[in-house]
Amino acid sequence: MNTDRRPTVSIVVPVLNEELFIAPCLDHVLPQIDEVTEVIVVDNGSSDRTVEIVEAYIARDPRIRLVHEPRKGLFHSRAAGFRAATTDIVGRIDADTRIAPDWVAAVRRAFETTDPARRLGGVTGLSAPYDSPFSRSKKLLVEVLVRTKAIGTGKTIANMHGANMAVSREAWDAVEDQLTPRADVHEDIDFALCLREAGFAIIQPADMWADVSPRRALTPPLQYTSFVRAGITSFEIHGRGHWTLRWLVAPVTWLSHAVFWFPYRAYDPTTRRFSVRRLVSRQEFRPAALSEAPPGS
């Protein structure tokens, strides 16, 4: 990022009925609040205590702002937050994301130190799940991949993870009108593909770390089919569909999810034990992100 001053940073957090997660999320942001200009929480019509909780944090620090977006869907919530942001760099995390203590510094450093000729538009960090039976093994795997330079090298990559990402204001302004509001695509994949098509680079710094919730893993396999299908559609609408995506990557992704769904459902993160009773119980299923609006809304 070519500037004579340090780039300013904001963080956008879309929320919908996140009373169980938004407080820990903001608790991980607050120690870094002096590093950001603003934290924008975008409420998508919560009916629980989410807004009340956020307002309590605003009373503690007015740099936290609350924006209301009545149009349902993550696309609209994210867009409302990015439009409200006033900074050079806009970070985006989920309500159940817990950023590392140096997350903001890592984001700013990535934009400051990358050669301007690369035209850096987005950065996306590394993550591992908390409250998961596989938390330690996943984190160890990520660390091994970083040490072997398989990931986190700062080289250009193809995608961004919506729960742990940041983009430049220049990049957002350039692609905002190209982003699709369709509910049957993954908005972060669409965002990344639009950035690439506009000539922006995306990188993955090794020091941009965030822990994320594993609740997507609790999606029943039949419902997860629509999640996988949305991934395929996200590439196809950009003319990047390929038979391997539909007939190899998608089936393997779904099968892997179906296999791991059983231990995830049986696992109690409070006791850190597996339970057959929990596996067969009718425990409430909570989607991993904002509920999507129906197509055409």
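Within the span defined as the stretch 256-268, one or more residues are within 22 Å of the chain's Cα centre (by Cα), modelled with pLDDT of 90 or more, exposed (fewer than 11 other Cβ atoms within 10 Å of the Cβ) and in a helix (DSSP H, G or I).
Of all residues in the stretch 142-159, those being touching a strand residue (DSSP E or B) at 6+ places or on another chain (Cβ under 8 Å) and without any contact (Cβ under 8 Å) to a residue 60 or more places away in the chain number 10.
Scanning the stretch 107-133 for residues that are part of a loop (DSSP other than H, G, I, E, B) and in contact with a Pro (Cβ under 8 Å, 6 or more places away or on another chain) yields Gly125, Tyr130, Asp131, Ser132, Pro133. Close Cβ contacts (under 6 Å, 6 or more residues apart or on different chains) running from residues in the stretch 129-141 that are within 14 Å of Tyr264 (Cα to Cα) and touching a residue at least 12 places away in the same chain (Cβ under 8 Å) to residues that are surrounded by fewer than 18 Cβ atoms within 10 Å (Cβ to Cβ) and not basic (Lys, Arg) comprise Pro129/Ser135; Asp131/Pro269; Pro133/Pro263. Which is surrounded by fewer than 19 Cβ atoms within 10 Å (Cβ to Cβ), small (Gly, Ala, Ser) and under 18 Å from Arg92 (Cα atoms), of Ala163, Ala206, Ala192, Ala171? Going through Ala163, Ala206, Ala192, Ala171 in turn, the sole match is Ala206. Within the option set Leu218, Leu222, being at pLDDT below 95 and either touching a strand residue (DSSP E or B) at 6+ places or on another chain (Cβ under 6 Å) or of a type in the set (A, V, I, L, M, F, W, C) (or both) holds for one residue only, Leu218.
Of the residues Gly231, Gly241, which is at pLDDT 95 or above and in contact with a Ser or Thr (Cβ under 9 Å, 6 or more places away or on another chain)? Before you say what the answer is, go through the steps one by one.
Details: Gly241 fails: at pLDDT 95 or above.
Within the list Gly231, Gly241, the selection yields Gly231.
Are there helices (runs of 4 or more DSSP H) fully within the stretch 1-106 with at least 2 residues that are farther than 23 Å from Leu126 by Cβ and touching a strand residue (DSSP E or B) at 6+ places or on another chain (Cβ under 6 Å)? List them.
Of the helices (runs of 4 or more DSSP H) lying wholly inside the stretch 1-106, those with at least 2 residues that are farther than 23 Å from Leu126 by Cβ and touching a strand residue (DSSP E or B) at 6+ places or on another chain (Cβ under 6 Å) span 50-60, 74-84.
In the stretch 103-122, the residues that are on the phi > 0 side of the Ramachandran plot reach residues that are among the aromatic types (Phe, Trp, Tyr) and part of a loop (DSSP other than H, G, I, E, B) with C-beta atoms within less than 8 angstrom, at least six apart or across chains, in these pairs: Arg119/Phe200.
Among the residues of the stretch 91-105, what is the count of those that are under 16 Å from the mean Cα position of the chain (by Cα) and more than 12 Å from Gly162 (Cα to Cα)? Break it down into steps so the answer makes sense when it comes.
So the first thing to find is which residues in the stretch 91-105 are under 16 Å from the mean Cα position of the chain (by Cα), and the list is 91-100, 103-104.
After this cut, where a residue has to be more than 12 Å from Gly162 (Cα to Cα) as well, the list is 98-100, 103-104.
Total meeting the criteria: 5.
Just to be sure, is Arg108 buried (at least 21 other Cβ atoms within 10 Å of the Cβ), at pLDDT 95 or above and basic (Lys, Arg)? It is true that Arg108 is buried (at least 21 other Cβ atoms within 10 Å of the Cβ), at pLDDT 95 or above and basic (Lys, Arg).
Of all the listed residues (Val228, Val249), the sole one being over 28 Å from Asp102 (Cα atoms), surrounded by 15 or more Cβ atoms within 10 Å (Cβ to Cβ), more than 17 Å from the chain's Cα centre (by Cα) and free of Cβ contacts under 8 Å to residues at least 40 places away in the same chain is Val249.
The values are calculated or read from the model by the stated rules, or taken from the named source; none is laboratory data. It should be emphasised that the depicted structure is a prediction, and the values quoted were computed from it without experimental measurement. Using ideal geometry, Cβ is built from the backbone for each residue, glycine included, and neighbour counts are taken over all protein chains shown.
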